[in-house]
Amino acid sequence: GHLPVDAGQGSELAGLLVDLRPLFEAVSKAKTAKIVRRVLDALARVPGTTDLQLRLCAEQAQWARDQKRTFLKQRLEARLAALYLETQQFQPALRLIGALLREVKKLDDKLLLVDIHLLESRVHHSRVPHESLCLRRRERFVSLEKLPACDPVPQAEKAHRWHCQHAALEMRIGQSEN
């Protein structure tokens, strides 16, 4: 199931993750990641907790880094970058995404790599005019033929982004020929 939450329980949920750290050292890394994700998902359902989510994701990512829990750290940093995007903090999001991309490419986690590329695409789409997105950053995008199979929703989002980028490129090329 999921954690029941009411407005005003955000700080209690944040404290729960800190209180559970001794338990996290006794349980498996996968179980720890699942618990952390569920608590953060519950916190995301509490209205007005975006700043708390930012702080908590950063703290938990640092804890995961200190505990050498790479899988959890990478997912927390991806979530933190998404929160930066949500709060329109584009530069911190791009810095975090750049570092995360380098690290995930070394580990060859294709599904997380796709998610990070999609997040990067959304950040760029949010901060630059749509038609110049494709021209300025197209070298960073992965072509659809090279992407692994994944859930239908991310696959549809990848296809949509790919088509938008190529339509923008064609529009830009058509304008430059006139």
Can you tell me which residues in the stretch 61-95 are open to solvent by 30 Å² or more (accessible area, probe 1.4 Å) and either of a type in the set (Lys, Arg) or under 12 Å from the mean Cα position of the chain (by Cα) (or both)? Arg65, Lys68, Arg75, Arg79, Ala82, Tyr84, Glu86, Leu94, Arg95
Could you tell me how many of the residues in the stretch 45-58 are open to solvent by 80 Å² or more (accessible area, probe 1.4 Å) and in a helix (DSSP H, G or I)? 2
Can you tell me which residue within the stretch 96-129, out of those that are more than 18 Å from Arg161 (Cβ to Cβ) and of a type in the set (Gly, Ala, Ser), is surrounded by the fewest Cβ atoms within 10 Å (Cβ to Cβ)? Ala99
Residue pairs qualifying under the 7 Å Cβ cut-off, at least six apart or on distinct chains, with the first in the stretch 24-35 being open to solvent by less than 50 Å² (accessible area, probe 1.4 Å) and the second being among the hydroxyl-bearing types (Ser, Thr, Tyr), are Phe24/Thr32
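The values are calculated or read from the model by the stated rules, or taken from the named source; none is laboratory data. The structure presented is a predicted model; accordingly, all values stated were derived computationally and were not measured. Because the Cβ atoms are built from the backbone with ideal geometry, glycine has one as well, and the counts that use them run over all protein chains shown. With ligands, DNA and RNA removed, areas are computed over all heavy atoms of the protein, side chains included. Shrake-Rupley method; radii C 1.70, N 1.55, O 1.52, S 1.80 Å.
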